[in-house]
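Please read the structure below before turning to the comments.
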Amino acid sequence: MRTALYFTTLAAALALPAAAHATDASRAPFGTLKDGTPVEAITLTNSHHMRVRVISYGATLQAVEVPDRKGRIADVALGYSSIGDYLDHPNYFGVSVGRFANRIRLGRFSIDGNSYQLATNNTVNALHGGVQGFDKRLWKVVEVASGPTAHVTLSYVSPDGEEGYPGTLTVTATYSLDETNNLTVEYKATTDKPTIVNLTNHALWNLAGEGSGKSVDSQVLTIPADSYNPVDAGWIPTGEFRSVAGTPFDFRKPMAIGARLRDSRDPQIAVGRGYDHNYVVARTVSPNQHLLSRLVDPASGRVLTITSNQPGVQVYTGNFLDGTVSGKGHTLYRQGDGIALEPQIFPDTPNRPEFGSARLDPGQTYRNVMTFSFSVAR
């Protein structure tokens, strides 16, 4: 266990140079793409020793460092320490996914009688925007600012027809850090012709620390959802809104993630190889943020509360991490070493009218805003 490298004491954090503002933003190189194009890293910090790093490749949340109840700092976001690993071993760690996060059945949908075939990259289905989704694009750094709230805004223009999607889509991602340890991520998009959009961040969290060697099974999850969307063998929703009552999917009261997982006989757990399902917190996108989930690590005391304006949260328990992927500090990530809690509209919504609409028209602005609030339970 690499304890000496993994923990940074509060005393060491206090020795860092004082920021000119309460929250500070700085830029630095983060290597180059294989064609030599530079990638940037933007670091946001506040006076409570929280530090967030975003890289321009994939508009990716590369690191989130927060203190525990004893003031020890750990990085709680799975990821890589070099651009080479992001290029050679793509795993969606902290990336911005789009145009459509999650799955679309057979990669097909229709708008106004026009049928579209998307790139398929998850057996016969489309996943997270396709073979070269937004997670594998270099975003432009538009603005970096310190102040009461430090932030970085990145942009990407997806041309008409990219990965099969109609319309030129102009997207921005803004990461903001304030003095109360709130990290807010806001995605916006506009289009020049009718299309579909579902953007989110695919951070995988481990509140014990991404290099701790501990799984998330003992971390306690709460989700205020009465139902979830069961899936078929291809992880495509069946269209049902199934009650969580009496099932391993019931997190309406705080429950350890692994308490009903590893020995569960629920067929939905089997098909997903764990949790890989959308929880229905609301039925439509709302103008304001509401609670989607709360995650607590009893051992460290770290707490992560997630709010968003989105109706669903995809819960994914790192089911396909198999101990062959080496993250930061050369730690091997295993099944269950991280959990994704992704604010979104529901998977396969373009083919499921009962799920609502994923449509975006010219003159409209798509918006997904999510806040990751970090605190400590004493």
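Subtracting the Cα-Cα distance from 0.36 nm times the residue separation, let me have the gained length for ARG242 to SER357 in nm, one decimal.
39.4 nm
Arrange the peptides 146-153, 197-204, 248-255 so that the one whose residues have, on average, the most other Cβ atoms within 10 Å appears first.
Per-residue mean Cβ counts within 10 Å order the peptides as 197-204, 146-153, 248-255.
For SER110 and THR284, FRET efficiency with R0 = 22 Å and r from the beta-carbon atoms, rounded to 0.05?
Efficiency computed from Cβ-Cβ geometry: 0.55.
Would you please put 90-101, 306-317 in order of how densely packed they are, using the mean number of other Cβ atoms within 10 angstrom per residue and starting with the highest?
With the highest mean Cβ count within 10 Å placed first, the list reads 90-101, 306-317.
Rounded to the nearest 20 debye, what is the charge dipole size of the chain about its Cα centre when +1 sits on each Lys and Arg Cβ and -1 on each Asp and Glu Cβ?
Approximately 620 debye in magnitude.
Using modelled backbone amide H atoms (1.01 Å from N, in-plane), which distant-in-sequence or interchain residues come within less than 5 Å of LEU204's amide H?
Answer set, sorted by chain and number: LEU78, GLY94.
Under 21 Å between C-alpha atoms is the cut-off here; go through segment 3-376 and count lysine pairs that meet it, provided they're at least eight residues apart or on different chains.
Total qualifying Lys-Lys pairs in segment 3-376 comes to 8.
Contour minus end-to-end for ARG367 and VAL142, with contour as 0.36 nm per residue of separation and end-to-end as the Cα-Cα distance?
Length gained between ARG367 and VAL142: 79.2 nm.
Using 7 Å Cα-to-Cβ label points, what is the LYS193/VAL271 separation (nm, one decimal)?
3.5
Let's test the formula: R0 of 35 Å, r as the Cβ-Cβ distance of LEU291 and LEU33. What FRET efficiency results, to the nearest 0.05?
Calculated value: 0.35.
For log10 I(q)/I(0) by the Debye sum over Cα atoms at q = 0.08, 0.09, 0.13, 0.14 Å⁻¹, the choices are (1) -0.49, -0.61, -1.10, -1.21; (2) -0.37, -0.48, -1.05, -1.24; (3) -0.63, -0.74, -1.14, -1.23; which was calculated from the structure?
(2)
Over all alpha-carbon pairs in segment 113-230, figure out the percentage whose distance exceeds 16 Å.
73
Using the Karplus equation 6.51 cos²θ - 1.76 cosθ + 1.60 (θ = phi - 60°), what ³J(HN,Hα) coupling, rounded to whole Hz, does each residue of segment 68-78 give in order, writing x for Gly and Pro?
Those phi angles translate into 9, 5, 9, x, 7, 9, 9, 7, 9, 10, 5 Hz.
Can you compute 3J(HN,Hα) from phi for each residue in segment 42-55, using the Karplus curve 6.51 cos²θ - 1.76 cosθ + 1.60 with θ = phi - 60°, rounded to whole Hz and x for Gly and Pro?
Per residue, the Karplus-derived 3J(HN,Hα) values read 10, 10, 10, 9, 10, 6, 9, 6, 8, 9, 10, 10, 10, 10 Hz.
Using R₀ = 41 Å, calculate the FRET efficiency as 1/(1 + (r/R₀)^6) where r is the Cβ-Cβ separation of HIS330 and SER47; round to 0.05.
FRET efficiency, HIS330 to SER47: 0.85.
If I model a spin label at LEU261 and ALA233 as a point 7 Å from the Cα along the Cα→Cβ vector, what separation in nanometres do I get?
In this crude label model, LEU261 to ALA233 measures out at 2.5 nm.
Taking the simple approach of a point 7 Å from Cα along Cα-to-Cβ for both SER155 and SER81, what is their distance in nm?
Placing both labels 7 Å along Cα→Cβ, they lie 3.5 nm apart.
Readers should treat all values here as calculations from the given coordinates under stated rules, not as data from a laboratory. Remember, predicted model here, so these are calculated numbers, not experimental data. When we count neighbours, we look across all protein chains shown, and the Cβ atoms used for this are built from the backbone with ideal geometry, even at glycine.
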